[in-house]
Amino acid sequence: MAGPQIKLERHHAPSLHEAGHASIASILGRELKELSLGNDQYGSGYVCRQKVYQSRLNALEEIAIALAGEEAPYFWDRTWFTPTEYDRRDIEQIVVMYFPSYTADQISDAVRPCVQSAL
């Protein structure tokens, strides 16, 4: 086989991470524009999609999409994880803007069971 080879072990969890974002975004009716799995040292990727912040409900949906990346790999193997610092930062910014009386952990803990059920 010519060219670089992708090792499944290296890219499996990041692939599931990005698929989690894409799945929940799609379920919530967001337009998906691009899904990519990068080839850096972490195997990171991204989902380019429509974001909606018109209401507090939309803000909760955006939090669900962000949490889905963290949750999805666990459905395959509980020992795999992917970096979630960007997702965490997004959640914290949304909480500050739309739910200032709560912490990011409180909102995440409330939304997480819905994300798990949907995945």
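A few points about this structure:
- Solvent exposure ordering (accessible area, 1.4 Å, most first) of Arg88, Arg49: Arg88, Arg49
- Take Tyr86: with every protein chain present and a 1.4 Å probe, its accessible area is about 150 Å².
- For Ser36, Ser108, the ranking by accessible surface with the largest value first comes to Ser36, Ser108, using a 1.4 Å probe.
- Rough spin-label spacing in nm, given labels placed 7 Å along Cα→Cβ, for Asp109 and Gln50: 3.4 nm
The values are calculated or read from the model by the stated rules, or taken from the named source; none is laboratory data. This is a predicted model, so every value here is computed, not measured. Quick reminder, even Gly has a Cβ in these numbers, built from the backbone with ideal geometry, and neighbours come from all protein chains shown. Surface accessibility is based on the protein's heavy atoms, side chains included, excluding ligands, DNA and RNA. Shrake-Rupley method; radii C 1.70, N 1.55, O 1.52, S 1.80 Å.
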